[in-house]
Amino acid sequence: MNVHDSERMADLLVAQGHRATESPDDADIIVLNTCHIREKATEKLFSDIGRIEKRARTLNGGRVKPIIVAAGCVAQAEGGEIAARAPGVDVVVGPLAYHRLPALLDAARERGAGPAVIDTDMPAASKFGQLPERRATGASAFLTIQEGCDKFCTFCVVPYTRGPEVSRPAAALVAEAEALVASGAVEITLIGQNVNAWEDSRSGGGMDFAGLIRAVAAVPGLQRLRYTTSHPRDMNEALLRAHAEVAKLMPYLHLPVQSGSSRILKAMNRAHTRESYLATLAALRAVRADIAISGDFIVGFPGETDADFEDTLRIVHEVGYAQAYSFKYSPRPGTPAATMGEQVPEDVKDMRLARLQAAIGEEAQKFNTASIGRITTILLERQGRKPGQLIGKTPWLQSAVIEHASARIGDLVEIEIVDAFANSVAARVLAPVSVAA
Ligand code: 5AD
Ligand code: SF4
């Protein structure tokens, strides 16, 4: 979501006549987009600001500091503190208000030695209608379908920084998907904090998330469709059917579980249990056997015992994750878990994280090894580390490395998977299929 928000802020500035620089050293405006989900983000922001100020350029005999914008969820949560502690920051803008960036920059230019311009409103009117029209910048594009969260997991700041769940209307989303495909996208990833909670009814229509998937998949020229992130609570029958029936919907699901212990899940206010999560995946695999499962995990949530943690290790092997993200619990100010008793010591968190990551790595290696011999298509995304290497994504979101002289980024290429590692696979090109017009 933050990568996408950064792109949208760049689109806005380009529409104002600015252009992106190769290096921050050459920039007149620097936007620092921030994430508040775990600690240290605030300290990182302050050290980045310090570094930028030190590097102020010398022009016409004077030092020139670029305009510095602090954006994103750290700005939303700690705008006042940022303005007080970092006088070099000119604008503070939250994730729901960044469409106002041009006016905020104008105000900042006028501010002289005055205080930073702060906009951490959560406006009722959506920012989306006020952003420049979408154009794809590559073969793969993000499309925000909903924002915010009403779930209030006890560890999480998102409901406070991104506000309540808001769904964008289906017609606007299909139009945006068409614009993305017309400007070169062959893959679209529908994004939101809770994509599968998307409901058109919130904006007066009758479509559910599975319906939206079908509507976007019907856009001619689109080849691949993905979505992230989903909540286990909102996985329904219609969505499972879409995975079985919509050919463009890629066989990959990122479904965070957070813990394998139902006791901890309850304390986390996750509204699912170990059993209900496993039942959802079993139902999905019954209709789409090859689906790759990804997840998020937190170790060291308050009160997590060795036995709870063993349940988490077991669920990793039971699910057989193709990949997963794992984090040490980080207390967030203002969230219920931050003040719960039985906080887990840091060294215990470190040990559990290392064991969890080893278990995830083992399963990822197994998943990749099982795919050796598969003939499939990859969408090329970037250069590899070695000359002549290109990296693309398989339908199961594996990074596949190929060596090919004439294939280009953005091409869909037919390959065979020939070798497997924990974080990637090696592939042999069967036939390049250019999608560039
Ligand atoms: N500490 C550690 N990890 C967290 N996440 C969210 N809040 C916290 C926290 N306080 C993780 C969850 C979520 C992912 C995006 O970040 O696993 O799914
Ligand atoms: Fe945070 Fe839970 Fe909402 Fe996800 S569902 S954004 S973890 S509160």
* To do: Would you tally the residues in the range 104-119 being in a loop (DSSP other than H, G, I, E, B) and out of contact with any strand residue (DSSP E or B) (no Cβ under 7 Å at 6 or more places or on another chain)?
  => 4
* Asked: Can you name the residue in the range 264-276 that is assigned to a helix (DSSP H, G or I) and open to solvent by 30 Å² or more (accessible area, probe 1.4 Å) and is also nearest to residue 314 (Cα to Cα) among such residues?
  -> 275
* Asked: Across the range 385-419, which residue is least open to solvent (accessible area, probe 1.4 Å) among those that are of a type in the set (Ser, Thr, Tyr) and under 20 Å from the mean Cα position of the chain (by Cα)?
  -> 394
* Asked: For residue 315, are the conditions met, namely being assigned to a strand (DSSP E or B), surrounded by 17 or more Cβ atoms within 10 Å (Cβ to Cβ) and among the β-branched types (Val, Ile, Thr)?
  -> no
* **Residue that is surrounded by the most Cβ atoms within 10 Å (Cβ to Cβ), among those in the range 277-287 that are touching a residue at least 24 places away in the same chain (Cβ under 8 Å) and under 25 Å from the mean Cα position of the chain (by Cα)** => 277
* Pairs under 8 Å by beta carbon, first residue modelled with pLDDT under 95 and open to solvent by less than 20 Å² (accessible area, probe 1.4 Å) in the range 288-301, partner in a loop (DSSP other than H, G, I, E, B) and within 16 Å of ligand 2 (Cβ to nearest atom), six or more apart or different chains? -> none
* Asked: Can you name every residue in the range 288-321 that is away from ligand 2 (no atom under 16 Å from the Cβ) and closer than 18 Å to residue 227 by Cα?
  -> 288, 290, 291, 292, 293, 321
* Asked: How many residues, within the range 318-332, are of a type in the set (S, T, N, Q) and touching an Asp or Glu at 6+ places or on another chain (Cβ under 8 Å)?
  -> 2
* Structure fact -> Selection over the range 155-193 where residues are within 16 Å of ligand 2 (Cβ to nearest atom) and either over 29 Å from residue 119 (Cβ atoms) or among the aromatic types (Phe, Trp, Tyr) (or both) yields a count of 2
* Hey, could you check the range 46-73 for residues that are surrounded by fewer than 22 Cβ atoms within 10 Å (Cβ to Cβ) and among the aliphatic types (A, V, I, L, M) and say which is farthest from the chain's Cα centre (by Cα)? => 59
* Structure fact -> Note: among 253, 240, just one is at pLDDT 95 or above, outside the structural domain of residue 412 (by TED's automatic domain parsing), open to solvent by less than 50 Å² (accessible area, probe 1.4 Å) and away from ligand 2 (no atom under 16 Å from the Cβ), namely 240
* Meets criteria (over 20 Å from residue 253 (Cβ atoms) and open to solvent by less than 30 Å² (accessible area, probe 1.4 Å)) for residue 382 -> no
* **Long-range neighbours under 6 Å by Cβ, at least six apart or interchain, first residue in contact (Cβ under 8 Å) with a residue 60 or more places away in the chain within the range 45-59, second open to solvent by less than 70 Å² (accessible area, probe 1.4 Å) and among the polar types (S, T, N, Q)** => none
* To do: Select from the range 109-153 the residues that are surrounded by fewer than 17 Cβ atoms within 10 Å (Cβ to Cβ) and within 16 Å of ligand 1 (Cβ to nearest atom) and write down the one among them that is nearest to residue 301 (Cα to Cα).
  => 152
* **Scope the range 70-113; condition touching a Phe, Trp or Tyr at 6+ places or on another chain (Cβ under 9 Å) and on the phi > 0 side of the Ramachandran plot; matching residues** => 72
* **Sole exception among (1) in the same structural domain as residue 11 (by TED's automatic domain parsing); (2) of a type in the set (A, V, I, L, M); (3) under 30 Å from residue 226 (Cβ atoms); (4) assigned to a loop (DSSP other than H, G, I, E, B) for residue 136, by number** => (1)
* To do: Keeping to the range 74-88, report how many residues are acidic (Asp, Glu) and buried (at least 19 other Cβ atoms within 10 Å of the Cβ).
  => 1
* Taking the condition touching a helix residue (DSSP H, G or I) at 6+ places or on another chain (Cβ under 6 Å) and assigned to a strand (DSSP E or B), does residue 92 pass? -> yes
* Here are some residues: 271, 338, 324. Which one is within 16 Å of ligand 2 (Cβ to nearest atom), within 13 Å of residue 356 (Cα to Cα) and of a type outside the set (Ser, Thr, Tyr)? -> 324
* With respect to residue 363, is the statement that it is at pLDDT 95 or above and over 24 Å from the mean Cα position of the chain (by Cα) true? -> no
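The values are calculated or read from the model by the stated rules, or taken from the named source; none is laboratory data. Everything numeric here is computed off the predicted structure, so don't read it as measured data. Here Cβ is always computed from backbone atoms with ideal geometry, including for glycine, and neighbour counts include all displayed protein chains. Ligands, DNA and RNA are stripped out before the accessible areas are found, and what is left, the full protein with its side chains, is counted by its heavy atoms. Shrake-Rupley method; radii C 1.70, N 1.55, O 1.52, S 1.80 Å.
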